[in-house]
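Q: Before I ask anything, let me first share the structure, which is written out below as structure tokens.
Rule-based calculations on the coordinates, nothing more; no lab input. Quick caveat: nothing in here was measured; it's all calculated off a predicted structure. Counting neighbours? That spans all protein chains shown, and the Cβs are built from the backbone with ideal geometry, glycine included.
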Amino acid sequence: MKIFLDTANTKELKKAADIGILDGCTTNPTLIMKEGKDYKKTLKEICSIVSGPVSAETVSLNAEGMVKEGREFAKIAKNIVVKVTMTPEGMKACRLLTKSGIRVNTTLVFSANQALLAAKAGSYLVSPFIGRLDDIGEKGTELIKEIRQIYDNYSFKSQILAASIRSPEHVKEVAMLGADIATMPFKVYEQLFNHK
Ligand code: E4P
């Protein structure tokens, strides 16, 4: 399973890159805002630290806007993957961006059927939000199990990126269930090294 950091903090990314266990990075506008920096400049800096995929999130609500933003993000570096939301407009944008050679991460996936649609639209990465499902009284990791089975049944190439991870236990569970990638806050990454 690949390990991504869910952060826009370049110090954290440098620490993980120095350890040598860092396969990619996911960002979102909230994380970049927390750092108080310009989104595109920060993405460029992140891409110089992380050689694997770096997700950049679009904020438009329609396909046209998402495609426009995505094309701009893709110019920043070769390893940029454009995040679009799991909506009909997002899937339209996913298809268009994928067709033009830009890789897409479909984000805010909360059900197996949404993951099925995201794979059919050509998503390179698909992000089920584990912690957010736990927050509403569901068992987030169950979703990973369902998506794994569906993708294996039909040999979909999309990679399952377990997102909204809150604990080392989440990481262990999604690894056991066959997620391709787990993206986590730096705090959780550090906790993976510890044992009482
Ligand atoms: C992943 O790409 C997301 O940025 C992230 O996992 C969001 O999760 P959270 O907002 O529940 O922390």
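Q: Distance between the C-alpha centers of segment 18-44 and segment 54-76? Whole Å please.
A: 16
Q: Kindly provide the pair-distance distribution of segment 21-128 built from C-alpha pairs, with 10 Å bins from 0 and whole-percent values in order of increasing distance.
A: With a bin width of 10 Å, the distribution comes to 16, 50, 30, 4.
Q: Add +1 for every Lys or Arg and -1 for every Asp or Glu among the other residues with Cβ under 12 Å from the Cβ of L97, and state the total.
A: Here the count lands on +4.
Q: If you scale each eigenvalue of the Cα gyration tensor by 5 and take the root, what three semi-axes come out for segment 89-163, rounded to whole angstrom and sorted largest first?
A: Equivalent-ellipsoid dimensions as semi-axes: 22, 13, 9 Å.
Q: Whole Å is fine, so just give me how far the alpha carbon centre of segment 81-131 lies from that of segment 147-194.
A: So the two Cα centres are separated by 17 Å.
Q: Pairs of Cα atoms under 8 Å, at least six residues apart: use those to get the relative contact order of the chain, whole percent.
A: Relative contact order for the chain comes out at 18 percent.
Q: Which net charge results when you count Lys and Arg as +1 and Asp and Glu as -1 among the other residues whose beta-carbon is under 11 Å from that of S55?
A: In short, 0.
Q: With 5 Å bins from zero, work out the P(r) of the chain over every alpha carbon pair and list the percent per bin.
A: Once binned at 5 Å, the Cα pair distances of the chain give 1, 8, 18, 20, 22, 16, 10, 3, 1, 0, 0.
Q: Quick check: net charge around T106, other residues with Cβ under 13 Å of its Cβ, Lys/Arg +1 and Asp/Glu -1?
A: +3
Q: If you don't mind, there's one more thing I want to ask. Excluding same-chain residues fewer than 8 positions from K139, which aspartates and glutamates have a Cα within less than 20 Å of its Cα?
A: E169, E173, D180
Q: Could you tell me which of the pairs K40/K68; K2/K75; K92/K120; K172/K196; K11/K37; K44/K75 are separated by over 20 angstrom between their Cα atoms in the structure shown? Before the final figure, lay out the partial values.
A: Details: K40/K68 14 Å; K2/K75 25 Å; K92/K120 11 Å; K172/K196 16 Å; K11/K37 14 Å; K44/K75 10 Å.
Among K40/K68; K2/K75; K92/K120; K172/K196; K11/K37; K44/K75, the Cα-Cα distance tops 20 Å for K2/K75.
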